[in-house]
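Novice: Encoded as structure tokens, here's the structure I'll be asking about.
The values are calculated or read from the model by the stated rules, or taken from the named source; none is laboratory data. Since we're looking at a predicted model, the values are computed, not measured. With ideal geometry, Cβ positions are generated from the backbone for all residues, glycine too; neighbour counts draw on all protein chains shown.
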Amino acid sequence: MTQSPRQAAPRAQAQRRREPSGVTLRHVAAAAGVSVATASRAFSRPEKVDPSTRARILRLADDLRYVPNRAAQALITGRTMALGLMVPDLTNPFFPGVIKGAQARARDRGLSLLIADTDEDPGAELALVGQLAQRTDAIVLCSSRMPDDDLDRAARLCPVVLVNREHPGVPAVTFDSDAGVREAAVHLRALGHRRVGYVGGPAHSFSDAARAACLHAEFPAHGLEVVLLGNHDPSFEGGRRAADVVLSSDVTAVMVHNDVMALGLIGRLLDYGLDIPRELSVIGWDDIEFAGMFTPGLTTVRMPREEAGRAAVAYLEAALGGRPSEPPRLETRLVFRQTTAREHQRRPG
């Protein structure tokens with residue numbers, strides 16, 4: 001089929017951008033009015049270049065279709081210019097947000113990002129860290145499930161930063177979960193609830209154990225009884241399977257380990273004929289995109305996932321540049337939607 005000039009033009013332009021341009025770093029430096037050394041640092045050591053100067057260099061490099069020679073940079077700097085990011089389950093909607101933030105920061109700083117999925121297997125994590133350490137300068141470990149001893153070994157293989165996990169001696173981007181739990185407690189107490197269940201996630205999850213401990217501290221302080229409803233797979237099906245446990249617990253509200261599980265739980269309860277939230281209030285955790293799309297909209301605790309990904313990459317970038325700082329502790333907050341209601345609105349049995 002013959003293409004018209006109008007149809008062919010965009011493809012031709014894209015092809016020209018993929019082809020080697022013949023432009024060298026010296027051309028970029030001359031166009032930007034800086035030395036070759038400064039132009040080189042804009043790609044290999046961005047933290048050592050004034051942000052406005054670096055932005056000008058990168059813009060001109062893009063205009064000139066300059067492609068950095070990563071192999072040459074690695075020989076000069078001793079760095080791969082790549083970072084690793086490891087998550088327990090790429091299909092869990094919590095993690096793409098973290099990855100998106102990390103990727104945006106890495107791309108802005110001229111870094112590559114290699115992603116690894118451990119498939120919720122704590123025993124596989126250390127081996128994957130070893131593989132990534134050979135191809136990257138540092139690694140983000142997001143919601144790591146590995147035992148403490150393995151985590152110590154991982155931290156000796158290469159620079160690492162944790163996200164949504166804490167461990168002595170290892171830097172971590174953390175979430176102030178206490179604030180979200182506290183807001184949830186105030187919310188449920190104001191709605192008249194007294195007996196609240198917690199549908200837990202994996203037994204080996206650090207964040208799940210920390211959140212359960214926080215519930216035990218915060219909920220009784222607001223006049224709420226906490227009922228632990230066991231550990232479950234952190235998936236939609238895991239939430240559905242928890243429905244029978246919830247129904248037999250005689251609670252009027254539940255908090256669930258994550259939004260995916262909460263949506264699965266609500267789906268099964270609706271199948272059983274329950275009226276959510278009139279007969280049972282449900283609070284999730286994470287505020288994934290689907291939480292607001294679901295009917296009824298899920299009341300949940302928002303975790304700033306993209307901000308966490310950006311902060312983790314920013315920390316590693318600074319640490320590799322010899323100027324590490326304390327990783328941030330990010331705020332969480334309750335997002336009120338339609339799955340929580342006053343306790344006295346429940347239908348009589």
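Novice: Report, by residue number, each residue of segment 160-185 that is more than 19 Å from the chain's Cα centre (by Cα) and not assigned by TED's automatic domain parsing to the domain that holds residue 195.
Specialist: 168, 169
Novice: Here are 244, 259, 233: which of them is among the acidic types (Asp, Glu), touching a Ser or Thr at 6+ places or on another chain (Cβ under 7 Å) and not assigned by TED's automatic domain parsing to the domain that holds residue 118? Before you say what the answer is, go through the steps one by one.
Specialist: Details: 244 fails: touching a Ser or Thr at 6+ places or on another chain (Cβ under 7 Å); 233 fails: touching a Ser or Thr at 6+ places or on another chain (Cβ under 7 Å).
Of the residues listed, the single one that is among the acidic types (Asp, Glu), touching a Ser or Thr at 6+ places or on another chain (Cβ under 7 Å) and not assigned by TED's automatic domain parsing to the domain that holds residue 118 is 259.
Novice: Out of everything in segment 220-240 that is in contact with a Lys or Arg (Cβ under 8 Å, 6 or more places away or on another chain) and in a helix (DSSP H, G or I), what residue ends up being surrounded by the fewest Cβ atoms within 10 Å (Cβ to Cβ)?
Specialist: 222
Novice: State whether the residues of segment 124-134 include one that is part of a loop (DSSP other than H, G, I, E, B) and either buried (at least 18 other Cβ atoms within 10 Å of the Cβ) or modelled with pLDDT of 90 or more (or both).
Specialist: Scanning segment 124-134, I find no residue that is part of a loop (DSSP other than H, G, I, E, B) and either buried (at least 18 other Cβ atoms within 10 Å of the Cβ) or modelled with pLDDT of 90 or more (or both), so the answer is no.
Novice: Being under 24 Å from residue 257 (Cα atoms), exposed (fewer than 15 other Cβ atoms within 10 Å of the Cβ) and among the hydrophobic types (A, V, I, L, M, F, W, C) is the filter here, so list the residues in segment 291-330 that pass it.
Specialist: Once the filter is applied, which keeps residues that are under 24 Å from residue 257 (Cα atoms), exposed (fewer than 15 other Cβ atoms within 10 Å of the Cβ) and among the hydrophobic types (A, V, I, L, M, F, W, C), segment 291-330 yields only 293.
Novice: In segment 255-263, is there at least one residue being in contact (Cβ under 8 Å) with a residue 60 or more places away in the chain, assigned to a loop (DSSP other than H, G, I, E, B) and within 22 Å of residue 90 (Cα to Cα)?
Specialist: Looking for residues that are in contact (Cβ under 8 Å) with a residue 60 or more places away in the chain, assigned to a loop (DSSP other than H, G, I, E, B) and within 22 Å of residue 90 (Cα to Cα), one finds at least one in segment 255-263, hence yes.
Novice: Please state which of the following conditions residue 141 fails to meet, knowing it meets all the rest: (1) within 18 Å of the chain's Cα centre (by Cα); (2) loosely packed, with under 15 Cβ neighbours inside 10 Å.
Specialist: (2)
Novice: What residue, of 157, 90, is more than 29 Å from residue 261 (Cα to Cα) and either surrounded by fewer than 19 Cβ atoms within 10 Å (Cβ to Cβ) or in contact (Cβ under 8 Å) with a residue 60 or more places away in the chain (or both)?
Specialist: Within the list 157, 90, the selection yields 157.
Novice: Consider residue 276 carefully, then state whether it is assigned to a strand (DSSP E or B), crowded, with 18+ Cβ neighbours inside 10 Å and either in the same structural domain as residue 251 (by TED's automatic domain parsing) or more than 20 Å from the chain's Cα centre (by Cα) (or both).
Specialist: On the way: assigned to a strand (DSSP E or B): no; crowded, with 18+ Cβ neighbours inside 10 Å: yes; either in the same structural domain as residue 251 (by TED's automatic domain parsing) or more than 20 Å from the chain's Cα centre (by Cα) (or both): yes.
It is false that residue 276 is assigned to a strand (DSSP E or B), crowded, with 18+ Cβ neighbours inside 10 Å and either in the same structural domain as residue 251 (by TED's automatic domain parsing) or more than 20 Å from the chain's Cα centre (by Cα) (or both).
Novice: Now for a different question. Does segment 200-216 hold any residues that are under 15 Å from residue 227 (Cα atoms), touching a residue at least 12 places away in the same chain (Cβ under 8 Å) and in a helix (DSSP H, G or I), and which are they?
Specialist: 208, 211, 212, 214, 215
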